[in-house]
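Inspection log for the structure reproduced underneath, given as structure tokens.
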Amino acid sequence: MIINTRKSSILGKVIELSSKSMGITFSQIPSQLSPRGTERSGSVKVHVENLESSFEVTFSFRDGDDGNPVSISGIIYSREEELVRRLSETTAELIQKDIQIQDHESSLDDYASQISRDFEELVWTRELANHIQQTDLRNPLFELVDQIFPTLLDTIQASQLSLIQYGSPVIPSGENDSFPPGQLSFRHVGNEILDQDSIQSLLKRYSHQARQHPVVKNQCSTSQIGQLRSFILVPIHSRNEEFGWVLAINRTDSADVLPSYSDVRKHDRHQPEFGTFEAGLMQSSASFIASHAKNSTLFLEQKDLLVGIVRVMINTVDAKDHYTCGHSDRVAAISRVIATNLQLCERECEEIYLSGLLHDVGKIGIPDHILKKTNRLTQKEFHLLKQHPVIGARVLKHLSQISYVLPGVLYHHEQINGSGYPEGLVGEQIPLAARIISVADSFDAMTSDRPYRKGMSPEAARSILQKNEGPQWDEAVLNAFFNAWEEIQKICLDSSLSKASLQTTVPADLISRAVEMTHTGIGVESV
């Protein structure tokens, strides 16, 4: 008969089971067997006895891939022939069942290992997605990598994990692309097995192949590149743009580095090689990183565009009347100081700053002869001038990203007693941003030169503000203004120096800061 035995120890189990099922005592007689691992012949002698007789038989077998012949031999009398036949059949049947059980157990181990790996990937993907969601788009990509790479290093069991980032996104065109495509930045986690020069050599050799699919190499020659034994290389790309690479180096040979929630160590017959599981996690991570890099690029482009629009508007207003040049800048700076003293949050302070910059943008629609008139305005001209808050709000309402400036722009000429314009709002009906800008705007207007008069001193303007607290200006806002008096005087002094040197354009970094703060809603450090 032909059966498939995997372990000679199965015979011991068979002897025990046969004894119980046939009512006969079998006992194994020790014999020397060859070590497991190669094809060879072996035998086990078994002593068989019952109430009437006893005899010895020999099980001869040979381990191999094509099935193992088993024979029974010995001194067998006719009256024992049926007993031996039953013994042979029972032995073959039980061995075959045992083999089936082992096959099922092996399959279960494989399934358990795969489930554990799938769980690892799910946990890692969710963790990575949370990091991406909570990461400020303005922060360097390295900050995201510092958060996610340590866990990824442990999960894929690598000695070194490296991010290679381009200075700016590139569009690969083919196999003959020069590498590197400009300045490279490196970030490493784990043991530094390869230095930057070695990594660049690796990228030059495998980058084109890795753009098609992840490159997984095991059993690398140590003479190839330093101490390199194995690696995974995947690109960080989004559609047709490439941002850099993620490189895992040298699979570790210890499962102890797996995270505590991992079940892989329980089921996986560990091999110190990278496989599809590790490559899949690397590819998923690179995709998330590419998504973040792309979003960061789009954010910066949008921010630069918005900053440019704001600067154009401010410069256009200043260009219409050299007497008011720098007015918007000073109003914005004073408004931010007042907001800070009112203990508003940093984002609200920057919103008010940007509102102050744009508060007079509606004067673009006011005729020059009215803005530059050197004597008193007629009632009709004053009525036209009072339309500039409405015009400004109408212009800015199409910029949804900075819609928060609209209340300050539209209502900064309202007064607490309801005598202001354009809607005659009373008290707290007037948005706080508008009440703040109103004080800053009035103070700067009183202390600045106009075509029809010279500006008054800061002290004289302060006295007027104090006298009109309540009817015209908000009491709490004025208190915050007076508490910051020294800082406000410094703003006026710096503005005078800027005028003397003809530096009247609002600094781009201040506008950029305000746009960043208000557009993302996430604080940044002071500049």
* Between THR252 and residues 5 or more places away or on another chain, which pairs have amide H atoms under 5 Å apart, with H built 1.01 Å from N, and which residues are they? -> ALA158, SER159
* Structure fact -> When every protein chain stays in place and a 1.4 Å probe is rolled, LYS380, LYS303 sorted by accessible area with the largest first are LYS380, LYS303
* Structure fact -> Counting sequence-distant residues (5 or more places) and residues on other chains, those with an amide H built under 5 Å from that of VAL215 are LEU233
* Asked: If you take the beta carbon distance between LEU108 and ASN191 as r and set R0 to 30 Å, what does 1/(1 + (r/R0)^6) give as a FRET efficiency, to the nearest 0.05?
  -> 0.25
* **Of LYS303/LYS380; LYS294/LYS490; LYS373/LYS397; LYS373/LYS490, those spanning more than 32 Å from alpha-carbon to alpha-carbon** => LYS303/LYS380; LYS294/LYS490
* Asked: Between ARG450 and residues 5 or more places away or on another chain, which pairs have amide H atoms under 5 Å apart, with H built 1.01 Å from N, and which residues are they?
  -> GLY455
* Convert each backbone phi in segment 331-347 into a coupling constant with the Karplus relation 6.51 cos²θ - 1.76 cosθ + 1.60 (shift: θ = phi - 60°), then list the ³J(HN,Hα) values in order as whole Hz, x for Gly and Pro. => 4, 5, 5, 5, 4, 5, 4, 4, 4, 5, 6, 7, 6, 6, 5, 4, 5
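The values are calculated or read from the model by the stated rules, or taken from the named source; none is laboratory data. Predicted, not measured: the structure shown is a model, and the values here were computed from it. Using ideal geometry, Cβ is built from the backbone for each residue, glycine included, and neighbour counts are taken over all protein chains shown. With ligands, DNA and RNA removed, areas are computed over all heavy atoms of the protein, side chains included. Shrake-Rupley method; radii C 1.70, N 1.55, O 1.52, S 1.80 Å.
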